[in-house]
1. Looking only at segment 19-48, which residues are farther than 14 Å from residue 1 by Cα and in contact with a Gly (Cβ under 7 Å, 6 or more places away or on another chain)?
2. Collect the residues in segment 1-51 that are among the hydrophobic types (A, V, I, L, M, F, W, C) and within 24 Å of residue 65 (Cβ to Cβ), keeping them in residue-number order.
3. Is there any pair linking a residue in segment 7-26 that is under 11 Å from residue 52 (Cβ atoms) to one that is outside any loop (DSSP other than H, G, I, E, B) and among the small types (Gly, Ala, Ser), with Cβ under 9 Å and at least six apart or on different chains, and which?
4. Name the single residue, out of those in segment 29-42 being of a type outside the set (Gly, Ala, Ser) and surrounded by 13 or more Cβ atoms within 10 Å (Cβ to Cβ), that is modelled with the lowest pLDDT.
5. Starting from residues that are surrounded by 10 or more Cβ atoms within 10 Å (Cβ to Cβ) and out of contact with any strand residue (DSSP E or B) (no Cβ under 7 Å at 6 or more places or on another chain), keep the ones in segment 56-68 and report whichever is modelled with the lowest pLDDT.
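The values are calculated or read from the model by the stated rules, or taken from the named source; none is laboratory data. Computed from a prediction, not measured in an experiment: that's the story for all the values here. Every residue, glycine among them, receives a Cβ derived from its backbone with ideal geometry; neighbour counts consider all protein chains shown.
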Amino acid sequence: MVHVNMIEDLQGDLVDIEYFCSAQCFETTTNRPAYGNAWPGGMETDYDVTCFCCGGHMWHGLQCECAS
């Protein structure tokens, strides 16, 4: 499961998403329970995604220059 922290501005508009590789990383960083903040898997992103907490690589983005 991918855990996400949706960052909103004062008007309630989404301005960023922090991705976490595990419930433990989510809870360590946000000091909130992971329940209700999990998504079933990765999603299409423009760039590679790493865990906001531990830096572990989670998936390659569409702009990845990695070998296919």
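1. 45, 46, 47, 48
2. Within segment 1-51, 2, 17, 21, 43, 49, 51 meet the criteria.
3. These pairs meet every condition: 26/38.
4. 37
5. Top of the filtered list is 64.
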